[in-house]
Structures are given as structure tokens and as C-alpha cells.
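Here is the structure we will look at, set down as C-alpha cells.
The values are calculated or read from the model by the stated rules, or taken from the named source; none is laboratory data. The structure presented is a predicted model; accordingly, all values stated were derived computationally and were not measured. No Cβ is skipped: glycine too gets one built from the backbone with ideal geometry, and neighbour counts run over all protein chains shown. With ligands, DNA and RNA removed, areas are computed over all heavy atoms of the protein, side chains included. Shrake-Rupley method; radii C 1.70, N 1.55, O 1.52, S 1.80 Å.
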Amino acid sequence: MDYSVLEQMPAPLLSWYHQNRRILPWREHPLPYPVWVSEIMLQQTRVEAVIPYFERFLTALPTIADLAQAPEDVLMKLWEGLGYYSRVRNLQNSAKIIVEKYGGKIPCDYDAVRALPGIGDYTAGAICSIAFGLPTPAVDGNVLRVLTRICADAQDVTTAKAKNTFRDLLRPLYPSGQCGDFTQALMELGATVCLPNGAPRCSDCPMQKLCRGFLAGNAQEYPVKPPKKARKIEERRVFVILSLDGLLLHRRPKKGLLSGMWELPNVLANDPLPFSLPDSPCDLLPNHKHIFSHIEWHMSAQALTLSESFVPPKDFEWVTLSRLEEEIALPGAFTQYRREAISRMKSFTI
């Protein structure tokens, strides 16, 4: 495979980036901690959605030491709605290591950054190039799409070999003094021009004259990926259970999907609740679907209002409206039902 076309990429790409880049809060002052937080938040999340979360997170936890010391419920509440909660747990675990081992400052070393929990090759490359100006490529889906189209490369981009190939090809191309801009230019081109869904905006691309995919008229055939495996579908019943004591929530197990998080009580469609409730009128709520990476929940739901006291079993707890709004983070799967619960709690009568 001839990859020599990539050698001509830095100059036009950087020129385009300096004229067209988006103004983003972590981009204007690329300090290590904000860059790190932004990269973790941006995994599988759109830039527009991340900005308010980023600003709120940095306001609440302005230093790595603050992050290391934050109570878990505070951390989960700041992350509520972003999903993939293991990311924020790894963020805090890394912060504790950075405080203990590096005096609260992210080390200016790729291998040391790569060794932190939750940081892979891409994130380590992004942090080190953007925050420290090192020639460390950050090769993610956006970048792979750009590069495979430019090179008309039909190898399977989901393999480690493909990522390593392009990482090795990019490393010598990094221009001195502009490493961070080069990394972000590749990201920006993939996010705003060399689009993943629908037609790429080739007329706006600085690489148009060099791009083999464009010149051959088949850019959209790249990147090449194997067919996705079908997600497992789970039919679940969700319960919005209210009483004078508040809303009943359940703490999930420490391991597995949504580990350790609060949730509305729910069971597989044909399973009973793990406890018996007093007889109470109930309302059926709208069905909802939530997609995780490998599982889909198809949820039916009902709301119950208890007129007599009920002592919940272990791992279940009544929470007040103020705790639900200010302290408790619920996974995105329950967003619609959380809104319903808050509405009912605000107008609560028995």
C-alpha cells in the first residue's frame, strides 16, 4: 500500500484548521487537566453536548486534587446524562494516582499517561500532543475515516493493526511547534467535513486534490468495517413507586452494567419484583427504548402511589425530591421516567 500521499498533508490541513476551527472551551487554553477531562467526555459523545458538562465539571472540580477527593454521588451527578459512567470512575482513579505519584500534575510523558486507568492509545496521544506539544498521534474513528479515504485504504479499521499502521505513519509528519494543532486538525476535519453519515463535504476539504477516495469517486466506501453484531434485546418492566417517604430507588451491584448506580426498580418482563408491595392503584406509562453499546432495553413502565408505609429491602431506598434533583444521578435509560417521577412528586397527594 502506498501511503506517500500523507506526506503532503500537514501544510494544507493546518492552514485549513487555523481558518476554520471551532472555538471550544478546552481548545483556547489547552492545559493538561481540561484537555484530559474533555477527551474523556468526548468519547462517544457529540461536542455540542459535552460543552455544558465540561464547564460545570471544571467549575465544581477545578483541580485534579478536587477530582481525586470528590464524593462518588457528587461525581455521578456531575456526569449524569453523559453515560458510560465507568469513564468518570476511571477519571477519578487516575486523579488519585496523579496526586499520589505526580504531585497533582499530569506527567509530560506518553507512557506514564497511557498507564493511567481509562486512558488508551488514542487518549494518551491526544493529551500529550495537545497539552504538551509532543508528536504523539491520536487515532480514533474520525481520524481513521479521514486517512483511509485519503489513501483509499480498504483494510479493516477495527483492527489494532490498522490503528498502529496509521499511528506509525503520522508520527514523523508532526510539525515542530504545532503538534497540538495537527492532532486537532485531523479530528476537526473528520468531525466537520469528512463526515461519517451521509455525503462527506468534499468541496470544503483541504485534502480534496490529494484524496484518492475523492479522485476515484468512491470516498464513501471507506473506512471498511465488518458488519456489526446484533445487540441483545431485553424486555424490562420499570416501576415508579412513590410514597410520602419519596421515590423508591435501587442501588445496582458494584460490577456489571451501570455498576453501583442508582436506578428505578426494574426487572425482566416476566420476572416479579424482589419484594411485595401493598395493593395500590397504578398508571401505565409510555414505553421507551434505550440503547447501550451491546444491549437494548425495551421498557414498559407503571407508576404506583403507596398509601401505607413500606420498609424497602436491602439496596433499595426512599429518596426525597430534593435529593433526586440535586444529588442522585440516574442513568440515561431512566430519563423519561425520572421526569415523570419528579412531576408526580411535585404534585404529590395520597
**Complete:** With criteria (1) surrounded by fewer than 17 Cβ atoms within 10 Å (Cβ to Cβ); (2) polar (S, T, N, Q); (3) over 26 Å from the mean Cα position of the chain (by Cα), T305 comes up short on (1)
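Please work out if K314 is loosely packed, with under 12 Cβ neighbours inside 10 Å and farther than 30 Å from T45 by Cβ.
Numbers: loosely packed, with under 12 Cβ neighbours inside 10 Å: yes; farther than 30 Å from T45 by Cβ: yes.
When the stated conditions are applied, K314 passes them.
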**Message:** Anything in segment 209-258 that is among the small types (G, A, S), farther than 24 Å from P274 by Cα and part of a loop (DSSP other than H, G, I, E, B)? List them, or say none.
**Reply:** G217, A230
**Message:** Suppose we filter G103, G81 for residues that are out of contact with any Cys (no Cβ under 8 Å at 6 or more places or on another chain), open to solvent by 20 Å² or more (accessible area, probe 1.4 Å) and either of a type in the set (S, T, N, Q) or free of Cβ contacts under 8 Å to residues at least 60 places away in the same chain (or both); which single one remains?
**Reply:** G103
**Item:** Within segment 127-152, tally of residues that are small (G, A, S), in a helix (DSSP H, G or I) and either open to solvent by 10 Å² or more (accessible area, probe 1.4 Å) or touching a Leu at 6+ places or on another chain (Cβ under 9 Å) (or both)
**Value:** 2
**Asked** Take the residues of segment 233-268 that are open to solvent by 70 Å² or more (accessible area, probe 1.4 Å) and without any contact (Cβ under 8 Å) to a residue 24 or more places away in the chain: which is nearest to L304 (Cα to Cα)?
**Response** P253
**Fill in**
F239 fails exactly one of (1) in contact with a strand residue (DSSP E or B) (Cβ under 7 Å, 6 or more places away or on another chain); (2) among the aromatic types (F, W, Y); (3) closer than 30 Å to C151 by Cβ, namely (3)
**Message:** I'd like the full set of residues that are aliphatic (A, V, I, L, M) and without any contact (Cβ under 8 Å) to a residue 40 or more places away in the chain, limited to segment 279-327.
**Reply:** L284, V311
